[in-house]
Amino acid sequence: MVKGYKNDMVNKDNKNTCLIKDSMNTYINKDNKDILVFLTGEEDINELEQLLKKFLSIKIYKIYSNLNDDEQFKIYEKQELRKVILSTNICETSLTIPGIKYVIDCGLVKTKIYDGINYFGIVPISKESSDQRLGRCNRTGPGICYRLYTKSYKLNSLIPEIKIADLSKPLLQLISKNINIFTLKFLDYPTQFNVKRAINFLIKKHLITEDLKVTKLGLQILSYPFDLHLSCFYQDCINNDLGYYGSILVSLISLDNYNFLTSNQKGDTLKNIQLNKSKLSEKNTNISLKHLTNSENVNFMINNQNIKFKNYITDIKYLLEIFIGFIECKDKQGYCKNRQVSLKNLDKAYKIFKLLNKSKKEILKY
């Protein structure tokens with residue numbers, strides 16, 4: 001069964017946490033069946049968790065990609081209280097949770113968007129995702145999906161990624177293999193606009209020639225495991241004797257939906273980090289970063305347990321200090337807990353960092 005809400009359309013600006021709380025009041029005392037709530041991200045999940053704490057008859061579980069595996073698998077533990085699972089779209093297809101009778105669907109998803117730069121934005125879900133969320137409530141019996149949008153609201157079909165993604169790296173890979181990108185047959189064809197934009201970028205960065213031949217620099221850039229914008233930035237760091245610091249930054253920034261701040265630390269700092277990422281990856285990859293990574297900015301105070309990150313001069317300094325402190329400490333779990341940063345994210349970034357330093361050992365000197 002599907003029930004709709006009074007909203008005529010999905011509101012991207014309204015995170016819907018209050019609406020979800022109101023709709024849950026209908027089901028909290030109805031029976032003891034579990035509830036699955038789809039939200040857009042960690043911040044919404046934590047916000048709704050605070051609103052639901054007054055209900056003593058429920059046990060709240062959270063699941064999102066940045067959560068470590070042990071925390072994620074807690075949703076399967078036996079529990080006398082009623083389970084309320086707050087999830088991102090990770091539960092659409094990858095996980096099946098027994099005992100779910102009620103699903104509350106906010107109708108939104110956080111996804112990667114490319115508009116000159118890659119960034120994460122909140123958009124309405126596709127029709128396919130809507131159907132997947134509906135299917136979560138009746139895996140082992142009848143259930144109800146409560147949608148925070150009306151039946152008349154038109155959901156678009158899923159757009160093939162090739163039509164909306166950054167094509168610069170795929171095109172460079174094809175060109176490096178001497179494949180004619182204009183005669184190649186695709187299952188879904190990219191837009192002319194995206195192809196033209198990607199080619200212009202490759203020529204501007206001297207990764208290909210104007211007659212579409214890969215350059216030596218283009219082959220070097222392809223050896224890095226990042227999108228081309230970050231790879232160009234990383235190469236410029238190496239060229240300016242800043243390879244060590246550049247390897248830290250690209251290791252962190254390359255993570256999908258990377259976030260090393262808690263909800264209490266976000267605010268303007270997170271906005272500035274995303275802004276710096278945009279500027280570094282799209283427009284300023286040819287600038288020297290010495291004014292951002294000079295000896296003064298990287299004179300670390302990591303051992304100070306009471307350090308206040310909100311007072312940092314630059315977000316780049318923040319990322320560098322956090323990461324180098326993580327490398328140097330022995331108790332990494334305690335380090336992350338004391339500073340309220342994600343162990344899972346830093347561990348992923350550290351693995352990338354070690355690979356870069358292994359392949360560029362003679363260049364990346366601290």
- Footprinting exposure proxy for L343, L172 (fewest neighbouring C-beta atoms within 10 Å first): L343, L172
- Task: Can you put Y146, Y119, Y350 in order of Cβ neighbours within 10 angstrom, beginning with the fewest?
- Result: Y119, Y350, Y146
- In terms of modelled amide H atoms, which long-range or inter-chain residues lie less than 5 Å from the amide H of V109? V123, I125
- Item | Per-bin percent of Cα-Cα distances, the range 161-223 [10 Å] | 22, 58, 20, 0
- Item | Fully extended contour minus Cα-Cα distance, from V123 to E77, at 0.36 nm per residue | 13.3 nm
- Task: Could you list, in their original order, any pairs among K59/K351; K163/K204; K185/K354 whose Cα atoms are separated by more than 29 Å?
- Result: K59/K351; K185/K354
- By the mean-Cβ-within-10 Å protection proxy, highest first, 193-202, 176-185, 43-52, 30-39 rank as 30-39, 43-52, 193-202, 176-185
- Task: Arrange D347, D69 by Cβ neighbour counts within 10 Å, fewest through most, would you?
- Result: D69, D347
- Item | Full-extension gain in nm, N178 to K332, via 0.36 nm per residue minus C-alpha separation | 50.9 nm
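Taken together, the values in this text are just the output of simple stated rules run on the coordinates, not laboratory data. In this text the structure is predicted, and so the values were computed from the model without any measurement. Because the Cβ atoms are built from the backbone with ideal geometry, glycine has one as well, and the counts that use them run over all protein chains shown.
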